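Here is the structure we will look at.
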Amino acid sequence: METTGPNRILRPVLGVVSVLSKVNLPSLLMALSFTANMFIGFLDPTEILISKEIGEALLICGFLIFTDVLLYLRSGFFGETEPKLDFLVTKGPYRFCRHPQYLSFIIMILGIDLMLRSVIGIVFALVLSIPSAVYRAKIEDKLLRNKFGEEWENYANKVGFLFPKLRKTFPLSAPESQRRNGDL
């Protein structure tokens with residue numbers, strides 16, 4: 001039986017809306033921007049005057065961080081933005097920052113752009129790729145806060161977003177007792 005009238009038009013539209021509602025937009029945005037960034041880097045005819053080795057070193061460092069995160073999380077890694085595990089991960093690479101996997105992506109994309117000496121690639125990374133990773137990390141933080149509550153709040157207060165909190169790990173000023181006693 002063939003559909004007629006408004007249902008004939010609405011059925012395909014509702015099908016597309018149904019598919020789009022299942023798409024993880026932060027993940028899609030990040031994947032598309034990083035992929036586009038790599039293509040732009042390869043196609044960019046301009047070159048900045050920088051050693052390719054700096055880019056290669058960054059790419060390797062980013063890959064090593066990514067591998068560490070992947071091996072540490074295992075089955076929890078390939079989830080969507082929604083937390084997949086039933087416990088908050090605070091050890092391994094997550095003892096330094098809350099989003100080491102996004103940090104590794106940022107380091108790798110900057111490494112690729114520097115390795116290719118791409119001016120447009122670096123601009124694209126700064127304008128779209130890095131903000132898309134930060135956007136996804138912020139969405140993930142919100143979901144983790146909702147799921148783990150006070151446990152997440154305590155963790156977030158101790159550990160940096162993308163970079164370690166140096167003041168918590170390495171105090172920049174002397175302890176109060178040393179200053180009072182004149183030990184400095």
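The values are calculated or read from the model by the stated rules, or taken from the named source; none is laboratory data. In this text, all values refer to a predicted model and were calculated from it rather than measured experimentally. Here the Cβ positions follow ideal geometry from the backbone for every residue, glycine too, while neighbour counts run over all protein chains shown.
Remarks
- Listed by first and then second residue, the pairs with beta-carbon distance under 8 Å, at least 6 apart or on different chains, first residue in the range 132-144 and more than 22 Å from residue 154 (Cβ to Cβ), second part of a helix (DSSP H, G or I) and modelled with pLDDT of 90 or more, are 133/102; 133/105; 133/106; 134/102; 136/102.
- Any hit, the range 120-132, residues being farther than 24 Å from residue 61 by Cα, of a type in the set (S, T, N, Q) and in a helix (DSSP H, G or I): no
- Of the residues contained in the range 116-138, none is found to be over 19 Å from residue 25 (Cα atoms), touching a Lys or Arg at 6+ places or on another chain (Cβ under 6 Å) and either charged (D, E, K, R) or buried (at least 16 other Cβ atoms within 10 Å of the Cβ) (or both).
- Scanning the range 44-70 for residues that are hydroxyl-bearing (Ser, Thr, Tyr) and closer than 19 Å to residue 104 by Cβ yields one hit, 67.
- Residue check for residue 149: surrounded by fewer than 18 Cβ atoms within 10 Å (Cβ to Cβ), farther than 30 Å from residue 32 by Cβ and at pLDDT 90 or above: yes
- For the range 80-103, a residue qualifies if it is assigned to a helix (DSSP H, G or I) and more than 21 Å from residue 158 (Cβ to Cβ), but none of them does.
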